[in-house]
Amino acid sequence: MSDKRLSITEGWVAAAGLVVLGLIVRLVAGPFRWDVFAWPVNIIAAALFIAGGVCVFLFRKKSPVLEFLGSLQAAVPAMSVAVVLTIVMGLVRQVPAGMTVRDPFGFRSMLSSWPFVLIYIYMEFILLQAILREITSWRWKAFPALVFHVGFFTVLLAGAMGSPDMAMLEMEVNRQSPQWSAVDEMGKTHEVPLGIQLLGFDIKEAPRIRYEADIQVLDKSGAERRTILAVNEPLTMDGWKIYLADYDAAMGSRTETVVLEMVRDPWLPAVFAGIYLMLAGAAMMLFVKRR
Amino acid sequence: MFWNFFPYFAIASVLLWVAGAFFAWKSRPRAAISLTAAGLLVFFAYMLWMWIALERPPMRTQGETRLWYSFFLPLAGVLVYSRRHYKWVLSFSTLMAAVYICVNLFKPEIHSKTLMPALQSPWFAPHVIVYMFAYAILGAAFLMALYLLIFKRKSKPSAEDMDTCDDLVYTGLAFLTFGMLMGALWAKEAWGHYWAWDPKETWALITWMCYLTYIHFRRLSPKNTGAALWILIASFACLQMCWWGINYLPSAKSTSVHVY
């Protein structure tokens, strides 16, 4: 049994230290590269992260540092520093993804900034320790917190690891022939497994303005699907979700083209599971007596 | 045009709330609660009338969200009062609601009747209502922190006082969570992604994490009430930034889909 416990001071030192470390890493290695985590690196990293967390948990009694990693003394400073960096992100105009800008700390692309990434990883690790503790020293009073913790942990992990696998493409479809390619945020063209053609377009004025695109979607096997796309009413097909995004306003309902947003997000079910757990945890917090 | 009728309803509601607050000071809870409830009914009648006349929920503009806040704040106040009988809470909530009403009186806005297509979703009303309620509850927590830090600074907050702050934050945070995640689910449906780090979303996350930090700090250092109360003040500042501050932030003005 360790009798030396680390205090909140060490917590602040650890959190601040990670920020400093992040700044140094940035100078040496450049911005954090999310594209490295495309499948299958992301699932391996997630598995290693969880395995590492479980190991630290299992050996926590052997070292005050390991014990500390699951404590409030670690959690509160970690959260606070994460909030501060997120505030910086909220105050500083962020550059669009893919653009680079000269920026000594990387705060103009905070999502690729090492201090930001490291502190959130640290927070996630502490969260995992808290979850393992709550599971192994079970108290029903802590159940809402456990559900909430698991939900937030899942959203962060699946959201972060899933982001390199996410594709958001823009496709301009026309009335003449099916389109089989779409463009990403940086203007690069990608082949997609769906061919889409515009058959008609309608703007309904009453009772409320509504834009409808009549489209035909083909897949590689030749199967056809004809449907009406409206704003807030996307089509799901072959793992892709297709949204109506824009049309040629100058031409009105005689528009020759519409712009569709195509989104693929294989990690989405995990993120949604996390979201629903968080909602359940929050609801439980309202009804459970804390005293 | 609709806002021409607002002063009449607003004055009636505020007078009823002032009366309610007066009876709270006089330790007459039944009168205090009835009068405050009457004020809430009058105010809600205006909002309902507006909803019907506009043929859409009145929550698209800054002024309209302030209406909801001016309604939910005395509601939060009367809920706290009915549980704890704090003499001062109805005065504070009335005053704060009156501030937001005055902002509306002095900044009248012109509203178009139709809703942008992106807002014509069943998510719209619940997302905004839940957030406005959360803001009101957390506003009450802010008022509590102000009261304890300024008017009762000579003594340490009692356990009961801190319990009130905690209860308000747990409740407010739960509703913030509902609002934020509803926003994410709606965003996925409408825009294709559940989280785009839009400045509004970033500040919503900041606000959410601030209150989460309060909860964890309270568990870590229950005796350090001063620091806890300052966390509440700072958290509320982040909340205001998220709600309307981003409309004035240079970095957010032209980039956020939420600026309205």
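Couple of notes before you dig in:
- Reachable lysines from residue A:4, criterion Cα separation under 21 angstrom, eight or more residues apart if same chain: A:61, A:62
- Against the main long axis of the alpha-carbon atoms of chain A, helix A:114-136 sits at an angle near 70°.
- Alpha-carbon Debye profile of the stretch A:183-291, log10 I(q)/I(0) at 0.17, 0.21, 0.24 Å⁻¹: -0.91, -1.16, -1.33
- Cα-Cα pairs of the stretch B:88-200 separated by more than 20 Å (percent): 58 percent
- Portion, in percent, of the accessible area of the protein assembly as shown that falls on carbon or sulfur, probe 1.4 Å: 67 percent
- Placing pseudo-labels 7 Å out from each Cα toward the beta carbon at residue B:219 and residue B:153 gives an inter-label distance of 3.2 nm.
- GluC sites (Glu not before Pro) restricted to the stretch A:167-210 and DSSP loop, no more than 15 other C-beta within 10 Å: A:185, A:205
- A/B buried area, accessible surface, summed, 1.4 Å probe, Å²: 4300 Å²
- With a Förster radius of 35 Å applied to the beta-carbon distance between residue A:206 and residue B:196, the computed FRET efficiency rounds to 0.65.
- Note on the stretch B:194-248: semi-axes of the ellipsoid equivalent to its C-alpha gyration tensor, largest first and rounded to whole Å, are 25, 13, 4.
- Cross-link reach list, aspartates and glutamates versus residue B:188, counting only Cα pairs under 20 Å and skipping chain neighbours closer than eight places: A:165, A:170, A:184, A:185, A:212, A:233, A:238, A:246, A:261, A:265, B:198, B:201
- For chain B, the relative contact order works out to 16 percent when only alpha carbon pairs closer than 8 Å and six or more residues apart are counted.
- Exposure ranking of A:210, B:28 by accessible area [1.4 Å probe, largest first]: B:28, A:210
- Inter-site label distance for residue B:185 and residue A:143 at 7 Å from Cα along Cβ, in nm: 2.2 nm
- FRET efficiency for residue B:34 and residue A:273, using Cβ-Cβ distance with R0 set to 56 Å, rounded to 0.05: 0.75
- The residues of the stretch A:258-273 listed by number as losing at least 40 Å² of accessible area in the complex, against the isolated chain and with a 1.4 Å probe, are A:272.
- The modelled label-to-label distance for the pair residue B:12/residue B:61, using points 7 Å beyond Cα in the direction of Cβ, is 2.2 nm.
- Normalised alpha carbon radius of gyration of the protein assembly as shown [divisor 2.2 N^0.38 Å]: 1.06
- Put the Cα centre of the stretch B:210-260 next to the Cα centre of the stretch A:253-291 and the gap is 23 Å.
- If R0 is 22 Å, the Cβ-Cβ spacing of residue A:183 and residue A:103 corresponds to a FRET efficiency of close to 0.25.
- Over 29 Å (Cα to Cα) - which of A:141/B:200; B:87/B:223; B:87/B:156 fall in this group: A:141/B:200
- In this entry, the stretch A:227-291 is assigned a mean projected area of 7.2 nm², taken as a quarter of its C-alpha convex hull surface.
- Choice from A:80, A:112, A:253 with maximal GNM fluctuation in chain A (Cα, 10 Å cutoff): A:253
The values are calculated or read from the model by the stated rules, or taken from the named source; none is laboratory data. Please read all numbers here as calculations on a predicted model, not as lab measurements. Note that each Cβ is placed from the backbone with ideal geometry, even for glycine, and that neighbours are counted across all protein chains shown. Quick note on the areas: whole protein, heavy atoms, side chains included, nothing else; ligands and nucleic acids left out. Shrake-Rupley method; radii C 1.70, N 1.55, O 1.52, S 1.80 Å.
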